Amino acid sequence: MLATRRTLSLLFSVLVATIACVLATNVFLSDGAQWLDFVRITLLAMSTAWLGWGAALALNGLLAPPSRLRPRRVGNDIPAATVAVLVPVYNEDPTKTFSHVAAMARSILEAGAREKFHFAILSDTNKEAIAQREEFWFSRLYEELGGEVEIFYRRRQSNPGKKAGNIADFIKTSGSLYEYLIILDADSLLEGETMLEMVRRMDADPELGLLQTLPKVIHARSLFGRAVQFSASYYSPVFAGGVAELQGTEGPFWGHNAIVRTRAFAQSCGLPELPGKPPFGGHILSHDYVEAALLARSGWKVRVDPDLEGSFEEGPDNVIDFAKRDRRWCQGNLQHSRVMMADGLKPWSRFVFLQGIMAYVASPIWAFFLAASIVAPVMVGTPDYFPVPGLPVFPTVQKIEALTLLTGVLGLLVGPKLLIVLRGIATGDNRAFGGNIRAFFSMLLELACSSILAPIMLMYQTRSVFQVILGADSGWPAANREADAVSFGEAWAASWWICAAGLIMLGAAYQLAPDVVFWILFVGIPAIASPFLIQLTSTNYSGAIARRLGLLWTPSETNPSPVIRSQEAVLARWRSEPWVSEVQIMDTDETQRFLASGTGR
């Protein structure tokens with residue numbers, strides 16, 4: 001069955017690309033064949049094949065039989081295995097991060113599994129002032145929990161390998177003490193019962209090397225953040241279900257909110273340092289997909305279970321921070337071109353690497369297609385109305401084919417989302433998102449937001465691809481998980497070049513291809529308005545309006561999980577203490593003196 005699903009999904013993508021080729025050939029060659037027309041046809045075929053693959057994932061998720069879901073067991077059975085919960089941190093606000101740890105530790109206590117779960121905060125922080133605050137908040141965290149849960153803190157003085165290297169060091173020094181590792185990010189949250197169920201599922205299948213949950217985004221405030229949050233809660237379970245159906249036991253690892261079998265991970269996932277300099281050489285940035293492929297190569301099962309609830313993360317609240325994170329992911333995915341032909345990898349693992357590369361290459365492909373469509377009319381020579389003696393032959397305008405092609409592309413983009421709404425109506429799932437009407441209009445608002453911002457993201461991703469190709473290294477910037485609204489000045493500094501590109505694009509279309517100006521407007525206007533759109537969608541006010549209208553609601557905010565409530569309460573209490581703001585702005589020497597004084601203990 002797995003091979004059949006994969007074959008049918010690939011054939012669907014090929015069929016979509018073939019239909020696009022036929023329609024594009026009739027449209028683009030209607031005024032004569034030029035070499036640039038064949039370039040456009042090829043670019044369009046590649047793009048529609050990629051869109052078709054995304055639609056295939058959604059269809060697989062929508063058609064997945066309910067029997068494949070694994071209902072969570074409820075009971076007092078505590079697994080015998082000892083588990084380490086790893087929380088890697090890097091130059092982040094320790095007050096925020098440690099509040100997550102406090103909430104998860106409390107949740108484990110309430111689940112009655114305090115002796116089976118140990119929390120390890122693994123710091124790669126290289127700013128001394130932040131490191132001092134980490135030590136302070138670890139002490140505070142430990143005192144609050146009263147030693148009821150085992151919590152450890154360790155900071156590396158140097159951080160080779162970044163997060164992957166940090167986890168590898170833990171496995172080398174302490175891994176033998178734990179049968180399983182739950183790997184998190186600094187913004188991760190897991191319910192205690194969810195962690196217990198993850199262990200139960202690992203215990204139930206001795207061949208399972210890694211089990212990935214589907215994290216839902218929480219705590220979004222801006223319109224941009226709330227759109228991403230809604231998408232992750234509403235669409236992602238279906239797409240992740242499609243991934244589960246197609247990848248089977250060669251599933252994904254997204255780097256966090258997952259459990260691994262320590263022995264399997266230690267034996268299989270030693271990462272090489274690629275020869276040469278970054279961006280294509282050096283330490284592997286997107287290590288998670290490589291680790292999943294190495295586990296599968298060693299015969300271990302890698303699985304994603306989208307039905308596991310109680311798994312959360314936070315996301316960027318504005319386009320600029322999203323683009324910064326996306327730049328690192330772009331470099332990591334393109335770096336996989338050095339890994340995908342490694343010996344012994346499963347064919348599907350190689351295909352997964354190819355998907356990750358295509359996720360970013362798709363943007364410059366679309367950009368080249370738009371540029372070629374603007375230039376193409378210039379390439380058309382003087383028409384010959386008498387190719388043979390006799391009656392004249394006039395070029396035909398293939399309006400029906402052009403509209404069919406456009407409708408098909410829009411259908412691939414919009415169709416899966418509309419089907420998910422209809423599925424929610426049939427199953428009653430829409431009730432958790434405010435009901436059928438609110439879910440439908442939330443889908444429309446998310447669609448409008450993502451469509452308007454799509455040209456901006458296309459430009460950022462296109463630039464990222466070229467930066468990597470030209471040898472620019474993104475490094476590993478610290479995440480800004482609670483960024484304030486972006487000012488217009490910041491938005492302008494980050495997107496003026498997108499604005500200029502939009503003006504050039506529209507000007508060129510007006511001069512060279514007046515017939516396509518109307519269609520180019522859908523890309524050019526958002527690009528020109530990019531500073532305004534980035535600033536507007538980053539504000540809490542824009543998100544608050546959507547919330548007051550009852551749009552983009554998610555279950556995590558209308559009916560928050562207990563671990564979310566606990567984390568919010570801890571963070572609010574810690575930040576309300578008057579001395580906290582003083583610690584946040586101190587330099588290293590001031591922090592050391594403050595900590596030595598014992599103030600706030």
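The values are calculated or read from the model by the stated rules, or taken from the named source; none is laboratory data. Remember, predicted model here, so these are calculated numbers, not experimental data. All Cβ positions, even for glycine, are placed from backbone atoms using ideal geometry, and neighbour counts span all protein chains on display.
Numbers at a glance
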{"item": "Residues that are of a type in the set (Ser, Thr, Tyr) and closer than 17 Å to residue 433 by Cβ, drawn from the stretch 233-250", "result": "233, 234, 235, 236"}
{"item": "Residue satisfying condition, being surrounded by fewer than 16 Cβ atoms within 10 Å (Cβ to Cβ), free of Cβ contacts under 8 Å to residues at least 60 places away in the same chain and within 28 Å of the chain's Cα centre (by Cα), within set 488, 518", "result": "488"}
{"item": "Residue 513 more than 22 Å from residue 234 (Cβ to Cβ), modelled with pLDDT under 95 and in contact with an Asp or Glu (Cβ under 9 Å, 6 or more places away or on another chain)", "result": "no"}
{"item": "Residue match in the stretch 549-565 (condition: out of contact with any strand residue (DSSP E or B) (no Cβ under 7 Å at 6 or more places or on another chain), at pLDDT below 95, surrounded by fewer than 21 Cβ atoms within 10 Å (Cβ to Cβ) and part of a helix (DSSP H, G or I))", "result": "yes"}
{"item": "Members of the stretch 199-222 that are among the charged types (D, E, K, R) and assigned to a helix (DSSP H, G or I)", "result": "200, 201, 203"}
{"item": "Out of 527, 500, sole residue that is in a helix (DSSP H, G or I), surrounded by fewer than 16 Cβ atoms within 10 Å (Cβ to Cβ) and either modelled with pLDDT of 95 or more or aliphatic (A, V, I, L, M) (or both)", "result": "500"}
{"item": "Residue count, the stretch 454-497 (criterion: among the small types (Gly, Ala, Ser) and modelled with pLDDT of 90 or more)", "result": "10"}
{"item": "Test for residue 468: is it touching a residue at least 40 places away in the same chain (Cβ under 8 Å), within 24 Å of the chain's Cα centre (by Cα) and either on the phi > 0 side of the Ramachandran plot or in a helix (DSSP H, G or I) (or both)", "result": "yes"}
{"item": "Extreme residue, surrounded by the fewest Cβ atoms within 10 Å (Cβ to Cβ), among residues of the stretch 409-425 that are out of contact with any helix residue (DSSP H, G or I) (no Cβ under 7 Å at 6 or more places or on another chain) and at pLDDT below 95", "result": "410"}
